[in-house]
Each structure stands twice: as C-alpha cells, then as structure tokens.
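These notes are about the structure you will find just below.
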Amino acid sequence: MDYSLAAVKMLCSQLRDAKPTPSQNAASLGGVLFQRAWLQGVLVPFSGGGGDNCLVLDDGTGLLELGLTNDFALRQWKSGMFIRWLTCR
C-alpha cells in the first residue's frame, strides 16, 4: 500500500468507472491515481442470489456491496445506518 497516494472521496457511480492499473496495484479516474477510496452512505438490506445476507452501501448514485473482515462482521450493523467506508482497490 502506497500511503503517499490520497484516499479520494468518491461516489459509487465514480468508483464503477475507475480503471485498474495493475503495474501500480492502484486505480485511476480522470488522471487521479489512488489505492483507497472513501465513500459514505446508508446501509440497505440485500439478499444475495445464494440467500446469503450482506451489507450494501447506498450513496444515492449507486450501490456497493461491502466486503467485511471477521472483525467488522461481528459488529451490530443495522439497515439505515449512515456510515463512511474506506475501500482498497
């Protein structure tokens, strides 16, 4: 992880348009290179195709399924919570 690259604040719709740059283990959007993106929105319930419940962030421009590590999965997440989320590419 290159911490000299900023964690850019973006919308879910913008994150979808980001292009991977495998040689740098990063992504770019509009000429901005990043490895981490900061998003914020509301948690909404979602039932996956396999019947597994997961958390989805809705920021008003799109939805982003959240990948939780075991530490975060143990917390009391509730639909309607407003959260800030930092994701790594």
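Throughout, read-outs are computed from the coordinates displayed, never taken from laboratory work. Predicted model, so just to flag it, every value in this text is computed and none were measured. Every residue, glycine among them, receives a Cβ derived from its backbone with ideal geometry; neighbour counts consider all protein chains shown.
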*Test item: Cα-centred dipole of the chain, Lys/Arg +1 and Asp/Glu -1 on Cβ, debye*: 180 debye
*What percent do you get for the relative contact order of the chain when only Cα pairs under 8 Å and 6+ apart count?*
31 percent
*222 nm [θ] for the chain, helices only, -39500 (n - 2.57) per DSSP H run of 4+, per residue, to 500?*
-2000 deg cm²/dmol
*Stretch residue 32-residue 13 to full length: gain in nm at 0.36 nm per residue minus the Cα-Cα span?*
5.3 nm
*Interchain or long-range residues, amide H under 5 Å from residue 5's placed H*: none
*May I ask what percent, to the nearest 5, of DSSP beta bridges between residues of the chain are antiparallel?*
90 percent
*Could you work out how far apart the two model spin labels at residue 54 and residue 84 are, taking each label as a point 7 Å from the Cα in the direction of the beta carbon, and quote it in nm?*
2.5 nm
*Provide Rg and Dmax in Å for the chain, with only Cα atoms included in the calculation.*
14.0, 40
